[in-house]
Amino acid sequence: AQSVTQLGSHVSVSEGALVLLRCNYSSSVPPYLFWYVQYPNQGLQLLLKYTSAATLVKGINGFEAEFKKSETSFHLTKPSAHMSDAAEYFCAVSDRGANSKLTFGKGITLSVRP
Amino acid sequence: KAGVTQTPRYLIKTRGQQVTLSCSPISGHRSVSWYQQTPGQGLQFLFEYFSETQRNKGNFPGRFSGRQFSNSRSEMNVSTLELGDSALYLCASSLGQGGTDTQYFGPGTRLTVL
């Protein structure tokens with residue numbers, strides 16, 4: 001069975017600082033990995049997706065994530081945080097089967113201090 | 001293209017009642033997945049429908065059911081509501097089935113059970 005671990009429930013950074021949100025996965029087969037963002041009272045929006053092409057994946061709003069098989073990690077980063085980045089971030093994994101499904105981590109709330 | 005729409009956005013019910021939630025996918029998308037989001041359990045997969053057939057199901061009791069129509073619109077039904085069913089119910093659509101295609105989420109239906 002696949003699973004995702006997002007350590008910590010809350011991260012706070014200053015505006016302009018590096019954003020690093022950690023995600024570790026468990027999967028018996030090479031996975032697909034996703035990062036989604038959720039703003040208050042909204043649904044989830046895809047930030048980026050790893051499908052086994054380049055290990056460094058660039059997403060929207062300046063975010064990127066690097067797939068590291070040896071560490072079973074897919075951490076999300078952004079060089080410089082903006083106030084508008086404050087939201088909840090979810091890492092998700094799926095296997096590659098026809099009946100695969102997304103399994104989400106618990107989510108991390110990002111706060112950005114002025 | 002219009003995004004995924006969910007109706008109603010908010011719903012208040014009492015224990016023992018039943019409820020039906022509706023989801024209209026992005027035009028051309030054939031897969032609809034449903035998720036329950038709560039503060040305690042996070043995002044949990046309910047089920048997925050593709051071409052009017054349930055392709056995958058999560059670990060929820062039989063009180064939770066769904067269906068998909070020929071135009072890909074989907075409904076989910078919860079019978080004999082319990083207080084613990086209070087949650088944000090999200091639906092997501094994708095072109096293909098499974099967890100490999102990018103899923104696009106609707107804004108959700110906030111269900112409160114009193």
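The values are calculated or read from the model by the stated rules, or taken from the named source; none is laboratory data. Quantities reported herein were computed from a predicted structural model and do not represent experimental measurements. Backbone-built Cβ (ideal geometry, glycine too); neighbour counts: all protein chains shown. Please note that ligands, DNA and RNA were not included when accessible areas were found on the heavy atoms of the full protein model with its side chains. Shrake-Rupley method; radii C 1.70, N 1.55, O 1.52, S 1.80 Å.
Just one residue in the set A:Ala65, A:Ala54 is away from chain B (no Cβ under 14 Å) and assigned to a loop (DSSP other than H, G, I, E, B); that residue is A:Ala54. Among the residues of region A:14-48, those that are surrounded by 20 or more Cβ atoms within 10 Å (Cβ to Cβ) and either assigned to a loop (DSSP other than H, G, I, E, B) or among the charged types (D, E, K, R) (or both) comprise A:Cys23, A:Pro31, A:Gly43.
Of all residues in region B:52-71, those that are more than 24 Å from A:Ser3 (Cα to Cα), in contact (Cβ under 8 Å) with a residue 12 or more places away in the chain and open to solvent by 20 Å² or more (accessible area, probe 1.4 Å) total 8.
Only one of the numbered conditions (1) on the phi < 0 side of the Ramachandran plot; (2) touching a residue at least 40 places away in the same chain (Cβ under 8 Å) is not met by B:Tyr49, and that is (2).
Within this structure, B:Ser74 passes the test of being of a type outside the set (A, V, I, L, M), at pLDDT 95 or above and buried (at least 22 other Cβ atoms within 10 Å of the Cβ).
Restricting attention to region B:30-41, the residues that are buried (at least 16 other Cβ atoms within 10 Å of the Cβ) and among the small types (Gly, Ala, Ser) add up to 2.
Within the set of pairs 6 or more residues apart or between chains, which connect a residue that is at positive phi inside region A:10-33 to a residue that is open to solvent by 30 Å² or more (accessible area, probe 1.4 Å) and of a type in the set (Gly, Ala, Ser) with Cβ atoms less than 9 Å apart? Going by the 9 Å Cβ cut-off, the qualifying pairs are A:Gly16/A:Ser80.
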